[in-house]
Each structure stands twice: as structure tokens, then as C-alpha cells.
């Protein structure tokens, strides 16, 4: 069984996303440990990319700040190796195809396994193009995580059948970022997912408040939050850890309360 | 070759949210590209609205001054809206209309594609939003005014380097936000499949016309065809119907910027390496960790860190040759053609003229060179004057 599925054994999962290196890697290390302490079940670590086409303004700015601070893929591998001295929850990378491809896909995935990364999410690699990445991930016991979107329709079953680790359900149209309301008919998507796979699925994009998280957790196995966390980090910089811990705690409580 | 691939290049590296949109587009295009009514309507638009066929002009004075091969100019600058961009835009707008879309979005660098898209949208009664890098909004104020005059909304993009690549990223983000009524009218032979093929097919009218025009004038094919390359739409249009004629040499001129050995360049084939970005696998200017490089060229239209996947393939198999041209060489060519022939080329097209100025004197007089003048240079006059140290006010 995939190590990622452990994240879903502690009730409904809360999954924070953190851009590595914003404002610097020392802060990222503190923030990740604070999120673990706050009750995070799995953490998505973002490797910054110069042109993140699936991100809204908040995470775009986080990427730019991280790169300006000199963050590189190699330094992030070192960060993860350090985190793994005490962090035991599953960790996955979220980045863009070119970051992995230019590093050498095989070299990248092997490094993932060495340092203890359990999965990789590449939002610009759809089902049709995953052959460049998924087989190498599979050979190295790293889960290549697939996404389904509100527009996936007839594609959901095909994607779900081959999904590994957990399935990332994009809640809304557009890019990442805080939204007041999520109007997508998620129930019909999750029904198709359940008919095609037994792996957990988590909902992300646009979720920021405990109320939204609770509502989304009622129709899923977990909730992913990125922009709301990167907003906290943008505001508090190197002093973000305690604020992130507090936020994660409130979100995990909200998600836990959705257990049925 | 796999669907949507040119050798290893191409593909569909885009968010899942867009997959059904590109599949819908591909199906619509497959259906309409051989539909007689569609093609008749497009031809009528080309001939009655855009002013096609464009002239193939024998540049006698240029030929004499350079003292070698005979030089012909393919006058895409004479098209309505002043550049080759209208060919692709009329095709895509008509396709969008047939698909029931009511809104066009587009990216633009120099503003030529934005103006062309705004024009086609007006003509066909579609809503239009154009994304343009904040730097380009400053460099190309006249085109921004034209787009707004034509009824389009222009969104200034301040992320990244505020140039063409950021405009593309923002247009892609907007498309993921709203796909049901919106067609993304991509301006070059780039992005995810089927865009590189669709845009090429609509631009291929350039080489189709050159072929019949040169056969009429010279009774034979040219020895060289030369075009400038950013994403590569006028170049692929210029090359396409000559690809199987091995005796015709195909030359693409990239923006060398200040120098290909500096960071201030946009010469993708000469300085980039294989990568995945903006929906496609191709060559990109990037650092060792795959971060896309902030490229530079005097020409806003060539200021892009990638190149269309079919060009990357033509380079791999050695069928086309890609040469860098510096800002200085392009500006000299801009002035040379203006003074010699009375034709002010776009600074993008001046890159192609610059290479012909080096090549022609080395060739015998019975050789034939065709240069595509992809657009007219009115939009560039202020920035070239500035390059020469003169401030002009419009």
C-alpha cells in the first residue's frame, strides 16, 4: 500500500501546501514542522517555478519571492532530507513539468525516493502526457498523483482508474486562490471516482475558511489548502510558524468534525 | 509520428481543466478544415477583407545594392492590420464562431496579434480580451490604443518580466477560468496541440502563394526562403509548402538581442535546450533548474523564450537552419530597406532582411532569395528613433 494512504487513516485529512523557500528555506523548515504540529496529515511542498501557469496571484508571488531568495531544486532536496529526521507524515512535491524534466526525470524521482518524498503532483501534465513521468515514478515507489477538474466529465473514470496515492479533485474553474463560494457539482464527480477506484480523493483550489473546509470534507476524504497558507507567510515572513500552526489546527478541527 | 507531435516536440502539457477544451477544438478543426463552406468563407475573408493574395515583389534596388542573389519580398505587411497575424486570426475566429463561442481571448507581444484578434472579433461580433505584458504596453502604446478603439479590452500583465511569455501565461489562466463560451485565439505556432497545427495551416497560405507567384515570375522555385522566428508563425507559413522541396533552403532568423553570448538574447535554438512549457515540449531559454529565462530583444514580437515545436523538429532533422540576428543588425536592416526600397519593415521582419543582407552578396546573380516581410514598421518607428538616440512624439 502507498505510504500516502496513511494520511487518510486519521479521519478526514487536512493537506496544507507550502511553497519552499518563501521567504527562505529556514522559514519553510519551521513552517512545515509547525504544520505537522498543528495536525497536518500530508504536506504538499511546492518547488517554485518561474512561470506557474496554474497558480493565482498569491502563489505566483510566493514562487517569485522563493526564486529571488535563491531557492533551487537541490536545496529543496536538502531541506526534505533534514525534515525527514523528525517528520514522518507523507510529503509530496507539487511543481511544474519543466522543473522535473530539466533536472532529468529519472534523477529527480530517484532523489525523491532517497530523501523521502512519497509523491509528485505536476498540474501541467494531464493523463495523455503522463507516460513521460508516471512509469519512472512507479519504478521508484513514488506516487504520480493525478488531478480531475470540473470540466473533466467523461475523463474522470479513465483518470481515476489509473490514479495513484490520492486523487486531487480541483474544486473550481480557473487557477489556485481563495474563493468566496465553490459552486461545482462535486457530488457527481466523486460518485464517478468511487465507482472507479478505492484510493482516497482530496479537494483543493479556493478553500480558505474552516466552514468551507468542513463542507468540502463532507464529500471527500480530505481538503487541500494552499493560497490561504501562503497569504499567512506573505504577511508574517520569517515569523510565520506559529500562525501557520494555529491555522492548520483550526482547519484540521473543521475537517475532523466532518467525519461521518 | 504520434498525434500532435513533431518528432519529440509538441504534445499537450496543460492543466486537466483545459483538456476537454483542446479536445473539442481538435474535433471541430478536423471537421471544418475539409469543409467546403468553411474554406470558401475563409477564402472570401482573405481576399475581400484582408487583401490577399499579398504581393511577391522583386526588390530590384535591394538586389543591385547587395550585388548578388535576386531578392523577392513577400509583402505580408500589406495585409489588413499590417501583418501576417490576420491570416491565423480570421481562421480561428471563424472556427470559434462555428463552434458557438462568443468570446475571444488572446496574448500579444508587439500588439500585432492583439490588433488582428480585436479586428476579427469586431468583424464577427465576438467579445475580445487581449493580454499584454506591461513592458509591451509601454513599448507599443499605439497598438494598445488601436485594440481599445476596436472595442477590445486590453489587460496589462505585470507578472514575471511583463512581456510576451507572461501574456501567454495569463491568457492560459483566463482560459482555465472560462472555457465554455471562450476560444483562446493563440497567435503563434506554439502551445498545446492542436494550436501549432491549426496556426500553421492558416499561415501556410504564405508559402502557397509564394510558390505559385515565383513559378509565374521565374519559372522555378527559390533557392532560399528567409523569415524571422519568435514563436514562429510567419516562418512556418513561409516554409510549409517548401518542406518537401529539398533544393529550397529554409532559414529562420532568431532574435539575438544584444548578443547570443549574453543574457540579453531571445535566440531559443541557438541558446536554449529541450524543455516543457506553455503546453508543449520544445526548446526553451532556461537555467540549469528549468526556470524559464527572462529573455530580451529589441523586438517585442520575437521576445519569447521558446519556439514552436515544428521548428524545433525542422532544426533536429536539419531541414531548416536557425540563425541569430542582433538588435544592431536588425536596426541596420530596418533602415536599409526603408532607404533602399521605400518599404519600412516591422523590426521583427528586419531580422530576416538582416540575414539576407549577409547572404545575398555571397551568392551568384542567378540565385533567388525570398524574404517574408511579416509586418510593417510603423509601430516601431518611435523605438528605433530612441535606439538611435532621438526622442519623437506622436
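Start at zero, step by 10 Å, and the Cα-Cα distances of region A:1-118 spread as 13, 47, 35, 5 percent across the bins. Neighbour counts of other Cβ atoms within 10 Å put B:5, B:208, A:85 in the fewest-to-most order A:85, B:208, B:5.
Coordinate range of the alpha-carbon atoms in region A:11-70 per principal axis, descending: 36, 25, 14 Å.
Each part reduced to its alpha carbon centroid, region A:6-50 and region B:313-376 end up 53 Å apart.
Size of region B:87-141: Rg and Dmax of its alpha carbons, in Å, are 11.4, 35.
If you wrap the tightest convex hull around every Cα atom of region A:209-260 and split its volume per residue, you get 61 Å³.
By the beta-carbon count within 10 Å of each Cβ, the least crowded to most crowded order of B:311, B:84, fewest first, is B:311, B:84. Can you tell me what percent of all Cα-Cα pairs in region B:155-313 are more than 23 Å apart? Taking all Cα-Cα pairs of region B:155-313, the fraction more than 23 Å apart is 41 percent.
Where q = 0.30 Å⁻¹, what log10 of I(q)/I(0) comes from the Debye formula for region B:332-380, counting one point per Cα? Once normalised to I(0) and log-transformed, intensities are -1.15. Just how many % of Cα pairs in the protein assembly as shown lie over 32 Å apart, if you round to the nearest whole percent? Distances greater than 32 Å cover 50 percent of the Cα pairs. Based on alpha-carbon atoms, the Kirkwood radius and the radius of gyration of chain A give Rg/Rh equal to 0.92.
All Cα-Cα separations within region B:208-273 were binned at 10 Å from zero, giving a P(r) of 21, 41, 24, 13, 2, each value a whole percent of the pairs. So what's the back-of-envelope 222 nm ellipticity for chain A, counting only DSSP H runs of four-plus at -39500 (n - 2.57) apiece and dividing by all residues, rounded to 500? After summing the helix terms and dividing by residue count, I get -13000 deg cm²/dmol. With all projection directions averaged, the alpha carbon convex hull of region B:124-205 covers 6.3 nm².
Note on region B:113-162: Cα-Cα pairs beyond 12 Å make up 57% of the total pair count.
Summary of the geometry: region B:17-56 and region A:171-244, compared by the centres of their Cα atoms, lie 40 Å apart.
The Stokes-Einstein estimate for region A:68-127, based on a Kirkwood radius over Cα pairs and taken at 37 °C with 0.692 mPa s viscosity, is a diffusion coefficient of 270 µm²/s. Going from the fewest other Cβ atoms within 10 Å to the most, the residues B:9, B:278 appear in the order B:9, B:278. Taking one quarter of the surface of the convex hull spanned by the alpha-carbon atoms of region B:238-279 gives a direction-averaged projected area of 4.6 nm². In this entry, region B:38-136 is assigned a mean projected area of 8.1 nm², taken as a quarter of its C-alpha convex hull surface. For residue B:49 and residue B:319, the difference between the fully extended length at 0.36 nm per residue and the C-alpha to C-alpha distance is 93.8 nm. With all pairs of separate Cα atoms included, region A:118-260 yields a Kirkwood hydrodynamic radius of 16.1 Å. Between region B:246-268 and region B:140-165, how many Å separate their Cα centres? Here the answer is 26 Å between Cα centres.
The coefficient of translational diffusion for region B:250-334, derived via Stokes-Einstein from the alpha carbon Kirkwood radius under 20 °C and 1.002 mPa s, stands at 167 µm²/s. Each residue of region A:117-156 gets 74 Å³ once the volume of the Cα convex hull is shared out per residue.
The smallest convex shape that holds all Cα atoms of region B:260-394, its convex hull, gives 141 Å³ per residue. Rg/Rh, computed from the Cα trace of chain B with Rh as the Kirkwood radius, has the value 0.94. Taking the three principal axes of the alpha carbon atoms in region A:83-186, the coordinate ranges are 41, 31, 24 Å, sorted in descending order.
Please build a GNM for chain A, connecting alpha carbons under 10 Å apart, and tell me which residue among A:144, A:108, A:93 fluctuates the most. The residue with the greatest mean-square fluctuation here is A:108.
Only the coordinates and a few stated rules stand behind these numbers; no lab work does. In this text the structure is predicted, and so the values were computed from the model without any measurement. No Cβ is skipped: glycine too gets one built from the backbone with ideal geometry, and neighbour counts run over all protein chains shown.
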